[in-house]
Amino acid sequence: MRTKTTLVKAVKFVSNCKFIFSFKKNIFQKNIFPILLCFFTASSFAQTKNIDSYLTSGQDSDIAHLNHLLYDLQSAVYYYSDEGSAKVYGDNPTALYTDISSIASIGSASIATNDIEIATIKIENTSDLYKSINLTSFSGFAKLKYIFIISEVQTSETVIQNLIKNDSAKYVIIYKISIGG
């Protein structure tokens with residue numbers, strides 16, 4: 001999700017690179033500067049937010065709906081690749097529960113994706129922090145808006161942000177570090 005802070009970061013990046021223009025050959029002619037700028041914008045594109053701060057800073061209608069998705073009883077799909085199949089509870093599930101190891105195979109699983117609005121991804125051990133969350137795996141989920149990452153191990157926002165691959169403004173990425181509970 002792009003925000004003003006992303007634009008501010010980009011402006012600061014450009015202003016901090018004034019030394020580039022002191023080279024004898026213009027860096028724009030070498031196509032290095034556009035590549036660096038694209039790399040910087042792509043790497044800062046994934047904006048994750050702690051669930052508590054998101055719930056206190058968002059729009060009222062979005063907050064109410066997200067609270068409903070998080071805390072009210074929902075029809076849901078539970079998909080863990082080591083179990084081999086998806087388990088569906090209720091009609092027209094709006095929630096998906098999975099772990100980071102199962103994301104790569106989610107596209108090939110037989111999951112009714114039409115109504116899912118939130119995907120909850122568990123990080124269960126430290127080795128999961130070396131995997132990635134490729135958001136293109138969720139491209140078939142038409143109504144998916146929220147990606148909720150729950151870490152059961154100590155980590156930081158930066159580490160969680162680095163897990164995200166192929167982010168787009170389509171998703172709101174929120175996280176919670178929940179150790180021992």
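The values are calculated or read from the model by the stated rules, or taken from the named source; none is laboratory data. For clarity, every value in this text was computed on a predicted model and none was experimentally measured. When we count neighbours, we look across all protein chains shown, and the Cβ atoms used for this are built from the backbone with ideal geometry, even at glycine. Remember, those area values only see protein heavy atoms, side chains included, never the ligands or the DNA or RNA. Shrake-Rupley method; radii C 1.70, N 1.55, O 1.52, S 1.80 Å.
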Exercise for the section: Test Ser139 against the criterion of being under 22 Å from Asp62 (Cα atoms), of a type in the set (Ser, Thr, Tyr), open to solvent by 70 Å² or more (accessible area, probe 1.4 Å) and in contact with a helix residue (DSSP H, G or I) (Cβ under 9 Å, 6 or more places away or on another chain), and give yes or no. Expected result: yes
Handout entry: Test set (1) buried (at least 19 other Cβ atoms within 10 Å of the Cβ); (2) farther than 22 Å from Asn50 by Cα - Ala104 fails condition number
Key = (1)
Practice task
Filter region 57-73 down to the residues that are in contact with a helix residue (DSSP H, G or I) (Cβ under 8 Å, 6 or more places away or on another chain) and without any contact (Cβ under 8 Å) to a residue 60 or more places away in the chain, then identify the one that is nearest to Ile106 (Cα to Cα).
Solution key: Asn67
Handout entry: Among the residues listed as Tyr71, Tyr130, Tyr89, the single one being open to solvent by 30 Å² or more (accessible area, probe 1.4 Å) and over 23 Å from Lys49 (Cβ atoms)
Key = Tyr89
Handout entry: Residues being in a helix (DSSP H, G or I) and out of contact with any Ser or Thr (no Cβ under 8 Å at 6 or more places or on another chain) - total across region 153-166
Key = 3
Practice task
Output the residue which, of all residues in region 122-139 that are modelled with pLDDT of 90 or more and part of a loop (DSSP other than H, G, I, E, B), is nearest to Ser85 (Cα to Cα).
Solution key: Glu124
Problem - Among the residues listed as Ala169, Ala142, Ala119, Ala112, the single one being hydrophobic (A, V, I, L, M, F, W, C), farther than 20 Å from Asp52 by Cα, within 11 Å of the chain's Cα centre (by Cα) and not in a helix (DSSP H, G or I) - result: Ala169
Handout entry: Out of Gln154, Gln161, sole residue that is open to solvent by less than 70 Å² (accessible area, probe 1.4 Å), farther than 14 Å from Ala86 by Cα and out of contact with any Leu (no Cβ under 9 Å at 6 or more places or on another chain)
Key = Gln161
Handout entry: Long-range neighbours under 6 Å by Cβ, at least six apart or interchain, first residue closer than 13 Å to Ile123 by Cα within region 165-181, second open to solvent by 20 Å² or more (accessible area, probe 1.4 Å)
Key = Lys176/Ile150; Ser178/Ile150
